[in-house]
1. Just to be sure, is PRO127 touching a Gly at 6+ places or on another chain (Cβ under 8 Å) and either modelled with pLDDT of 95 or more or basic (Lys, Arg) (or both)?
2. Name every residue in the range 121-154 that is at positive phi and surrounded by 23 or more Cβ atoms within 10 Å (Cβ to Cβ), in order of residue number.
3. From GLY182, GLY157, GLY118, GLY176, grab the single residue that is touching a Phe, Trp or Tyr at 6+ places or on another chain (Cβ under 9 Å) and either in a helix (DSSP H, G or I) or surrounded by fewer than 17 Cβ atoms within 10 Å (Cβ to Cβ) (or both).
4. Could you check the range 46-101 and list, in sequence order, the residues that are crowded, with 19+ Cβ neighbours inside 10 Å, in a strand (DSSP E or B) and over 11 Å from the mean Cα position of the chain (by Cα)?
5. What residue, of GLY86, GLY113, GLY118, is closer than 17 Å to ARG165 by Cβ and not basic (Lys, Arg)?
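The values are calculated or read from the model by the stated rules, or taken from the named source; none is laboratory data. Owing to the predicted nature of the structure, the values given are computational and were not obtained by experimental measurement. Note: ideal-geometry Cβ built from the backbone for every residue, glycine included; neighbour counts use all protein chains shown.
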Amino acid sequence: MAVRPKIGVTTGDSPHNKADAMTVSTLSALLSVLAAAPIASVEPGPGFKKIVTIAGSGETGKIVQRGRADQVPLSNPFGIQPERDGSLIIASWDQHVIYRLDADYRRIEVIAGTGKPGISGDDGYPPRKIQLNQPHEIQVAPSGDIYVADTTNHRVGKINAGTLRWDVVAGTGEPGYAGDNGDARRAQFN
């Protein structure tokens, strides 16, 4: 069984060195430093060890619905958040989809988006049938719900963990600035 690498960075092995405890709060912070398409992890151990690719082939390309994590092309992965079971949710900006990387970092699959930029999909739609447009960030709630910042669609959606359906939670889909103290679904943001 493969040992799952710790997601984080350490800079020494002294217990008195505060940098030893520095953990990258999300993998996306680490990726912003790497500026590469593959998703990477840092191997555990004293001092800085090495970067290990855990997802992505290093190439951009056609969306693969399911496949080996190291062979699926990813294109501009932005938001990356862990789920309780250790799997990772990944927003792929240029591919207009959301991926789930399994907890063993072996298999990856599309869980939301068609791969074609656009805006479609109302409440109750299956997440893989909605159109996203440059999803930028995601958050996984304690309930397991996955919130998606559907950036160029000017809305926030949710993959409901209980129903496995898509819900729009904020934004009209139109750019603007309106809606303070009102219904989140009628708000406009840019």
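1. Answer is yes for this residue.
2. Filtering the range 121-154 down to residues at positive phi leaves 121, 124, 134, 144, 154.
Passing the criteria: only GLY121.
3. GLY176 is the lone residue from the list that is touching a Phe, Trp or Tyr at 6+ places or on another chain (Cβ under 9 Å) and either in a helix (DSSP H, G or I) or surrounded by fewer than 17 Cβ atoms within 10 Å (Cβ to Cβ) (or both).
4. Across the range 46-101, the qualifying residues are ILE54, ALA55.
5. GLY113
Yes or no, residue by residue, for (1) over 22 Å from GLY157 (Cα atoms); (2) modelled with pLDDT under 95:
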{"residue": "SER41", "(1), (2)": "yes, yes"}
{"residue": "GLY47", "(1), (2)": "yes, yes"}
{"residue": "GLY58", "(1), (2)": "yes, yes"}
{"residue": "LEU74", "(1), (2)": "no, yes"}
{"residue": "GLN81", "(1), (2)": "no, no"}
{"residue": "ALA103", "(1), (2)": "yes, no"}
{"residue": "ARG106", "(1), (2)": "yes, no"}
{"residue": "GLY121", "(1), (2)": "no, yes"}
